[in-house]
Amino acid sequence: MTKRKIKNKKPSEKWKKYKVVGSLLQKGRFCPRCGDVFLAVHKDRVFCGQCHYSEFSRKEEPKTFKVDKKDLGLATEVDKETVEKLAKKVLEKK
Ligand SMILES: [Zn+2]
């Protein structure tokens, strides 16, 4: 009898679906049908390897706002809060 060769199996690399941001743990998207199966993220779609659920992502352009330089004032640092405030201002004007 000859010894059967054991092939190295490629791991699923599930750990890549977890990401620690600050003190938060980000998880990948789960399959809506299976529940606790991660969806494989492709260039233009997400796919479930178990039930073959797939979802095509529509091309959505990020919303951009035109902001007057006056509104920025003397703020040297533009953080998320000020950007949100400015976005609200711009939306109120319309
Ligand atoms: Zn599934």
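The values are calculated or read from the model by the stated rules, or taken from the named source; none is laboratory data. Small disclaimer: the values here were computed from a predicted structure and weren't measured. When we count neighbours, we look across all protein chains shown, and the Cβ atoms used for this are built from the backbone with ideal geometry, even at glycine.
At a glance:
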quantity	calculated
Sole residue being at pLDDT 85 or above, in contact with a helix residue (DSSP H, G or I) (Cβ under 8 Å, 6 or more places away or on another chain) and farther than 29 Å from LYS85 by Cα, chosen from PHE47, PHE38, PHE30	PHE38
Checklist (1) outside any strand (DSSP E or B); (2) at pLDDT below 85 applied to PRO11, failing item	(2)
